[in-house]
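Everything on this sheet refers to the single structure shown next.
Readers should treat all values here as calculations from the given coordinates under stated rules, not as data from a laboratory. Please read these numbers as outputs of a predicted model, since none were measured by experiment. For neighbour counting, all protein chains shown are included, and Cβ atoms are generated from backbone atoms with ideal geometry for every residue, glycine included.
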Amino acid sequence: MLTGMVRVPLSPEQVKAGQRLGALMRTARAGRDPEMIARNAGISPETLRMIEVGRMPSLIFGTVVGLCHALGLPLQNAVDAWHGADDQQMAI
């Protein structure tokens, strides 16, 4: 019998929030070298790419903090992007 953790699928709202967050990170990078930003954030360039295109909607808090630091982006901007323009609260 296999036992272990089963990942609950993300809701459509959570996926959209991840896409907004990725778009914010991509805009904040604004042409800077993705490898340097990724290295400074403590992630791989491939992870950064996946975040920026919205293919990694559920991020670890430390990754968001590291990216904000590497990009010189206030953490509040990431929070605002996650919540969306209408400031709707989401169940996470």
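Structural descriptor for the chain: relative contact order 36 percent, calculated from alpha carbon pairs under 8 angstrom and at least 6 residues apart. Cβ-Cβ distance of Glu35 and Ile60, R₀ of 30 Å, FRET efficiency by 1/(1 + (r/R0)^6): the value works out to about 0.90.
Roughly what % of Cα-Cα distances in region 1-44 sit above 17 Å, to the whole percent? List each step's numbers first, then the result.
Working: 526 of 946 pairs.
Distances greater than 17 Å cover 56 percent of the Cα pairs.
Taking only alpha carbon atoms, the chain gives an Rg to Rh ratio of 1.02, where Rh is the Kirkwood radius.
The modelled label-to-label distance for the pair Leu10/Val53, using points 7 Å beyond Cα in the direction of Cβ, is 1.4 nm.
Students often get this wrong: which residues of region 9-29 have the backbone nitrogen under 15 Å from the point 7 angstrom along Cα-to-C-beta of His83? Within reach of a label on His83: 17, 21.
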